[in-house]
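Report on the structure given below.
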């Protein structure tokens, strides 16, 4: 038991003495570790100062080409001058408050949903929030009603496009992946075969191919006059693709739940779906939080591939900005660093939330 | 009723009504014949102990009674319901028959109380408040009410098994199946679980128990069934069974488990 453990004796000596002890113990406790420590320090000294100089000291924020030409460091002026193009793509300039508001709504719904772990009272609100949130976002983006002008979704772009593609992708790929995982374990041969074939075929094909098929080949099979929106096709492609990967992740989780748990559910008279929902899935999904978030992160980054079918996501919008004026083209490093920073921020947050979720769900049990 | 009163009580005799009939049940795992023409009738309120060497099919037999395992030929009727492939029948039987497992199989992500109220709420549609009262009642009976809000992982093996028994009792089953309930326990915890089972037996619960606890068999069993290689070799009242085993296989088995 934790409370019967004796705490180690507290640290002795002044802060200075203690730090010296710490450094000796952790950084210089053998000749090999001392060597590694010295090499690491040398590496950091070699790599970090130039980066800081480039990014901060010798850089400029002034949004003009002349200012950029005058400095030796980073030209953040390029970002500054093209921020709205990068963030919102070719969405009509005067209407860009709409995607901004849509993103705020989206973030609000996501954060409120994620907080459900900590505040159980929020959990009942999660589904209603999405049911309301998604149409609100759709109305803001498309418009065409409530006095908003209609904006074709081929003009959507930038960060909202990236976030919408990945959020909707997650929201739909998750249940689909779950059904596929259960289907693959089903006793019914037809359902099992269908699930296996689906998973293996989709997993065996690169996403870029799926997107190409969705945008170029799929319309060929449709009768004349019928057309499905390009963005929708890309979105469906992403959902179908991610679901196949998630299905295998979930299957791993299902297999890790001991047989006895299924038997206990059965012997208490619970139906298959009750057992799944109340007993098996809560345990299985908890086990696969890290690989699930892994899939989400990788999907978020894969949304950049929609560029190949002519949609401008965040990365695509950066390229668009670089091409907008030949003078800016040489500042592509700044552009890509900016896009990378945004992607990193989102992906890193997902990773942190995943770690938090694991910790929060483990509280109390298996001590 | 206090514990001592229950302890001194003599188990009521079983009634004449049959609740389980097993008629020439056969089961194969591939080519392996696990159950061979098993015949057994259990009366309401009867306490049966099933013993036998490992691999004899005794666990398989009781797992057939709530259809955790399917049998291939023959007929098993539980509480008047024929157990076959019919899902409705299987669900109906499972509502009346509960099982206690060797490895407890508590739900680790739920508190003890949630473990107990789950099935009453979802299967019996008992209102939550009533389900909690019921759960606390049975937790008191297995003398573990103070642990209601802990998670299974925080309890000892003996406590977990008593929670598992209480979880089954919350379904107010007509029949309880025990599949080696004490064999995964440390020796000092066996008694606390057996005490609960003896109490239950003396209150007239119909019980089928796969166990090697011969003391338990002598104290509460109406009949002891000995299985070997998928067959029922011998069955009888405990004093006959232990004092005058008829077949050589039974004698050998008894000499092995009683000698140490």
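The mean count of C-beta atoms from other chains within 10 Å of the C-beta of residues in B:67-75, rounded to a whole number, is 1.
In terms of other Cβ atoms within 10 Å, A:75, B:64, A:347 run from fewest to most in the order A:347, B:64, A:75. As a rough footprinting exposure proxy, the listed residues A:215, A:298 were ranked by other beta carbons within 10 Å of their own, and the order from fewest upward is A:298, A:215. In terms of other Cβ atoms within 10 Å, B:149, B:109 run from fewest to most in the order B:149, B:109. When shorter helices are ignored and each DSSP H run of at least 4 residues is given -39500 (n - 2.57), the per-residue value for chain A at 222 nm works out to -22000 deg cm²/dmol. Under the simplified labelling scheme, the residue B:41-residue A:360 pair shows an inter-label distance of 6.0 nm, with each label point 7 Å from Cα along Cα→Cβ. Expressed to the nearest 5 percent, the antiparallel share of DSSP beta bridges inside the protein assembly as shown is 50 percent. Values of log10 I(q)/I(0) for the range A:66-106 across q = 0.16, 0.19, 0.33, 0.35 Å⁻¹ run -0.53, -0.63, -1.09, -1.14, by the Debye formula with one identical scatterer at each alpha carbon and no solvent. Taking each residue as 0.36 nm, the span from residue A:228 to residue A:301 lengthens on full extension beyond its C-alpha to C-alpha distance by 23.8 nm. As a calculated quantity, the FRET efficiency between residue B:254 and residue B:89 at R0 = 41 Å, using C-beta atoms, amounts to about 0.65. Rg then Dmax, both in Å and based on the Cα atoms of the protein assembly as shown: 33.5, 109. Enter the per residue convex hull volume of the range A:177-217, computed from alpha-carbon coordinates, in Å³ rounded to the nearest integer. Per-residue hull volume (Cα only) is 68 Å³.
Straightening the chain between residue A:123 and residue A:14 buys 34.3 nm, computed as 0.36 nm per residue apart minus the Cα-Cα spacing.
Estimated from the Cβ-Cβ distance and a Förster radius of 35 angstrom, the FRET efficiency linking residue B:247 and residue A:277 is about 0.10.
Springs between Cα atoms under 10 Å define the GNM used for chain A, and in it the highest mean-square fluctuation of A:45, A:176, A:311 occurs at A:45. Output the antiparallel fraction of DSSP beta bridges having both residues in chain B, as a percent to the nearest 5. Counting DSSP beta bridges with both partners in chain B, the antiparallel share is about 55 percent.
Cβ-Cβ distance of residue A:52 and residue B:54, R₀ of 45 Å, FRET efficiency by 1/(1 + (r/R0)^6): the value works out to about 0.05.
The Rg/Rh ratio of chain B, with Rg taken over Cα atoms and Rh as the Kirkwood radius over Cα pairs, comes to 0.96. Averaged over the residues of peptide A:274-280, the number of Cβ atoms from other protein chains lying within 10 Å of each residue's Cβ is 3. Averaging 1/r across all pairs of distinct Cα atoms in the range A:222-367 and inverting the result yields a Kirkwood radius of 18.9 Å. If you run the Gaussian network model on chain A, springs between alpha carbon atoms under 10 Å, then out of A:222, A:305, A:27 the most flexible one is A:27. With N the number of residues in the range B:1-155, Rg(Cα) / (2.2 N^0.38 Å) evaluates to 1.22.
An ellipsoid equivalent to the range B:116-167, defined through the eigenvalues of its Cα gyration tensor, has semi-axes of 20, 11, 9 Å when rounded to whole angstrom and sorted largest first. If you bin all the Cα-Cα distances of chain A at 20 Å, starting from zero, the percentages per bin are 21, 46, 29, 4, 0. Report note on the peptides A:104-110, B:231-237, A:179-185: ranked by the mean count of other C-beta atoms within 10 Å, highest first, their order is A:179-185, B:231-237, A:104-110.
Here the gap between residue A:187 and residue A:41, fully extended at 0.36 nm per residue and compared with their Cα-Cα distance, gives a gain of 46.6 nm.
For the residues A:158, A:269, A:89, a GNM of chain A with alpha-carbon springs under 10 Å puts the largest fluctuation on A:269.
Each reported figure results from applying straightforward, stated rules to the coordinates on display, with no laboratory input. Because the structure is a prediction, the values reported are computed rather than measured. Every residue, glycine among them, receives a Cβ derived from its backbone with ideal geometry; neighbour counts consider all protein chains shown.
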